[in-house]
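Values in this text are rule-based calculations from the coordinates and carry no lab data. Just so it is clear, the structure is predicted and the values come from calculations on it, not from any experiment. Heads up, the Cβs are rebuilt from the backbone with ideal geometry, glycines too, and the neighbour counts pull from every protein chain shown.
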Amino acid sequence: MTPKWRELADKLAEQIKSGEYPPGQQLPQIRELVAEGEGSKSTVHAAYKALEAEGLVTSSRGHGTVVRQRVPLKRLGISRYDKAKWRDGDEVAFIADRVASGRSYRRNEQTQTVDLVEAPPAVAAAHGLSEGAQVYARARVVKEGDQPTHTLTSYYRPEHVEGTRIVDPTPGPAGRGGGFRVLYDAGYEIDHMKEAIFARAATSDEAKLLQLPAGEPVVELHRTTYTASGTVVEFAIGVHAASRFAWEYDFKVPDSAKGEKGQ
């Protein structure tokens, strides 16, 4: 026999999927559903917790239980780094994602801190530095409206960015074209990059910062950015709320056999 809380959760899930409760709308207070005969307080509470675990709603003190946005942001793979966007225009990578997703952007939706820190092991290895070497850490929190979507911390060698806008903690991108444009103007034009992504459970601090529902994983990104000569000019670590992005890649399929035949 299906538990009463499960029946109620399934009923509410169908109402959410049909649009009866659209994204951003608050579900009825628990006491309202109890008064309507949908079950006891514990039954309704269990149903709401199930909807939250399934990623359909978020619950927070002061805001109640609210239907989540169903359409994730596109997180472009390669085209987000198109030089025409940041070298010749104003778009930094995450704004390119917003444009591709048909979403708006406000400058205060990115905040950051900038600190001179000892390089963590992965950062030191990426930059070819000795353990304990100093690097600049530019840590950003990016939001869509009031909801955080991801964090991104970029690590730079001091000699590459000292005195540039990259070490300016003013909210928003580092000026026109963002950090890549700053590096370009300083003589470090980016040429290629390597990205590694993996999913994992969120830490308690990440769940709080990103306002994650119970049980939602994160996608961690490691990005290494090189000049044409192979110099690493940025190593970045991003933590993304898994349900808030759809990762999209469009690229030319390589054919290494052609290169071998030409040798």
For the pair Trp247 and Ile197, the simple spin-label estimate (label points 7 Å beyond Cα toward Cβ) gives in nm 0.4 nm
In segment 70-137, what chymotrypsin sites (Phe, Trp or Tyr not before Pro) fall in a loop by DSSP, with at most 15 other Cβ atoms inside 10 Å?
none
Distant alpha-carbon pairs in segment 42-121 (separation over 20 angstrom), percent
60 percent
Which angle between 0 and 90 degrees, to the nearest 10, do you get for helix 4-18 versus the longest principal axis of the chain when only C-alpha atoms count?
60 degrees
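I'd like the GluC sites (Glu not before Pro) in segment 1-47 restricted to DSSP loop residues with at most 12 other Cβ atoms within 10 Å, sorted by number.
Values: sites: Glu7, Glu14, Glu20, Glu32, Glu36, Glu38; in loops: Glu20, Glu36, Glu38.
Passing both the DSSP loop test and the Cβ count: Glu20, Glu36.
Provide the net charge surrounding Lys41, with neighbours chosen by a C-beta distance below 13 Å and charges set as Lys +1, Arg +1, Asp -1, Glu -1.
Values: positive: Lys4, Arg31, Lys49; negative: Glu32, Glu36, Glu38.
Charge balance near Lys41 sits at 0.
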Run the simple label-point estimate for Ala186 and Leu209 please: 7 Å along Cα→C-beta, distance reported in nm.
2.2 nm
In segment 63-147, which GluC sites (Glu not before Pro) are in a loop and have at most 10 other Cβ atoms within 10 Å, using DSSP for the loop call?
Glu131
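Could you work out how much longer the chain between Gln29 and Arg61 gets when fully extended? Use 0.36 nm per residue separation minus the Cα distance between them, nm to one decimal.
Details: separation 32, 0.36 × 32 = 11.52 nm, distance 1.22 nm.
So the chain would gain 10.3 nm between Gln29 and Arg61.
With each run of n ≥ 4 DSSP H residues scored as -39500 (n - 2.57), what mean residue ellipticity at 222 nm is computed for the chain after dividing by its residue count and rounding to the nearest 500 deg cm²/dmol?
Values: 10 runs with 78 residues, N = 263.
Calculated at 222 nm, the ellipticity per residue is -8000 deg cm²/dmol.
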Under the rule a/c < 1.5 gives rounded, and otherwise a/b versus b/c splits prolate from oblate, where does the chain land using the Cα gyration tensor?
prolate
To the nearest 10 degrees, how steep is helix 41-53 against the longest Cα principal axis of the chain, on a 0 to 90 scale?
20 degrees
Cβ-Cβ cut-off under 13 Å around Val114, Lys and Arg +1, Asp and Glu -1: the net charge is 0
All Cα pairs of segment 4-67, percent lying beyond 14 Å
51 percent
